[in-house]
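Values quoted throughout were computed directly from the atomic coordinates according to the rules given, and no laboratory measurement underlies them. Just so it is clear, the model here is predicted, and its values are computed rather than measured. With ideal geometry, Cβ positions are generated from the backbone for all residues, glycine too; neighbour counts draw on all protein chains shown.
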Amino acid sequence: MLLKKALLSAIAIGAMLAGSMARAENLETFRVGIIGGENEADRLRNYQCIVDQLPKVLGVKEVKLFPATDYDGVIQGLLGGTLDYAELGASGFAKIYLTNPKAVEPILTTVQTDGATGYYSIMVARKDSGIKSLADMKGKKLGFADPDSTSGYLIPVTSLPKDIKTSVKDYFSETGFGGGHENLVLAVKDGKFDAGTTFGSGVGKFDEGYTSGNLRKMVDKGVIDMKDFVELWKSPLIPNGPIVVRTSLDSNLKSKFKDYMMNLPKSDPACFAATMGGDFKGYTEVNTEFYQPIIDARKAQIGG
């Protein structure tokens with residue numbers, strides 16, 4: 001709770017301070033934003049290795065974690081200049097870019113075990129619900145993860161109409177949000193939604209939660225058993241979300257951070273797996289151009 005209050009306070013201060021760029025010249029605390037939708041204790045534990053290792057790497061006194069209750073908490077912190085680094089979904093980055101193109105810069109993204117730099121939005125339902133296909137969802141209640149989630153909202157609402165031959169609003173009886181990916185899947189499990197959209201690598205076996213993504217993380221934590229779910233729909237490939245840094249950070253510090261992250265899969269595989277959640281091959285460099293299709297989709301969706 002204190003960390004949540006600290007994040008909100010940091011966001012408010014950042015919005016008022018026009019001189020936030022001055023921090024780049026004499027940075028003592030490196031602030032890490034963590035998007036919501038997963039148990040907070042798990043998120044803090046998974047990032048502890050970053051907290052322990054980065055001060056020496058970057059030459060700062062400390063690294064602080066700011067877990068938000070939702071995606072927008074981190075987005076506003078980055079826009080306000082009160083966060084220095086975060087891992088976002090592509091749609092979250094698009095929201096920042098469309099608000100202020102100079103606030104952050106994407107530097108890296110993950111690479112799947114098969115070499116792909118993308119993943120999928122996956123719609124799941126309870127196996128015992130009798131719902132076996134997207135056609136069975138007509139007139140049923142669909143849950144999304146978060147308004148700023150790429151796989152949990154943006155891609156489903158823009159891609160599903162091609163498959164259902166009508167709008168999401170007209171096809172489903174009701175839609176709602178689960179409050180993040182983990183909470184959304186639990187809501188489907190508890191019967192609050194007939195089905196819900198989350199994400200996975202699409203590599204490996206569905207009954208194992210694939211090799212990475214929210215389903216795999218939940219399986220690894222023992223929160224769900226995939227035998228209780230059925231896959232109803234899978235989206236086109238979505239570009240993996242970026243690791244972003246505050247644009248006004250000192251260029252030397254950015255370089256040190258980028259090198260550290262690029263080497264993490266080999267220097268500390270356990271830390272890499274913990275922060276990313278699942279089985280990935282490593283990182284690769286990206287820039288804004290890599291996310292242009294998602295930026296365009298988000299812009300069109302807002303305009304519509």
* Asked: Which residue, 53, 76, 112, has the most motion in a Gaussian network model of the chain that connects Cα atoms within less than 10 Å?
  -> 53
* Report Rg (one decimal) and Dmax (nearest whole number) for segment 38-181, counting Cα atoms only, units Å. => 18.4, 56
* How far apart, in nm, are two points set 7 Å out from the Cα along the Cα-to-Cβ line at residue 258 and at residue 45? -> 3.4 nm
* To do: Give, in nm to one decimal, the length gained when the segment between residue 165 and residue 135 is fully stretched (0.36 nm per residue of separation minus the Cα-Cα distance).
  => 9.7 nm
* **As computed over the chain, the Cα convex hull volume per residue (Å³)** => 122 Å³
* Structure fact -> For segment 237-304 (alpha-carbon point model, no solvent) the Debye-based log₁₀ I(q)/I(0) at q = 0.14, 0.15, 0.22, 0.26 Å⁻¹ works out to -0.58, -0.65, -1.05, -1.18
* **Helix-only [θ]222 nm of the chain, DSSP H runs n ≥ 4, -39500 (n - 2.57) each, per residue, nearest 500** => -11500 deg cm²/dmol
* Computed magnitude of the charge dipole of segment 95-177 (debye, nearest 20; Cβ of K, R +1, Cβ of D, E -1) -> 280 debye
* For segment 51-122 and segment 129-145, write down the distance between their C-alpha centroids in whole Å. => 32 Å
* Any idea what angle helix 155-164 forms with the longest principal axis of the chain, computed on alpha-carbon atoms, 0 to 90 degrees, nearest 10? -> 20 degrees
* Looking at segment 39-122, which trypsin sites (Lys or Arg not before Pro) are DSSP coil and have at most 11 other C-beta atoms within 10 Å of their C-beta? -> 61, 102
* To do: For residue 251 paired with residue 302, estimate the spin-label separation in nm (one decimal), with each label point 7 Å from Cα along the Cα-to-Cβ line.
  => 3.0 nm
* Hey, can you rank 214-227, 173-186 by average C-beta count inside 10 Å, highest first? -> 173-186, 214-227
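Please get the size of the charge dipole for segment 208-267, origin at its Cα centre, with Cβ charges of +1 on Lys and Arg and -1 on Asp and Glu, quoted in debye to the nearest 20.
Values: 10 positive and 7 negative charges, 63 e Å.
In total the dipole reaches around 300 debye.
Taking each pair of distinct Cα atoms in segment 102-154 once, what is the resulting Kirkwood hydrodynamic radius in Å?
Working: mean 1/r = 0.0696 Å⁻¹.
When all Cα pairs of segment 102-154 are included, the Kirkwood radius is 14.4 Å.
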* To do: Please get the size of the charge dipole for the chain, origin at its Cα centre, with Cβ charges of +1 on Lys and Arg and -1 on Asp and Glu, quoted in debye to the nearest 20.
  => 260 debye
* Relative contact order %, the chain, counting alpha carbon pairs below 8 Å whose residues are six or more apart -> 25 percent
* Measure up 95/162; 217/256; 221/266; 138/162; 189/227 against 21 Å on the Cα-Cα distance and list the ones that go over. => 95/162; 217/256; 221/266
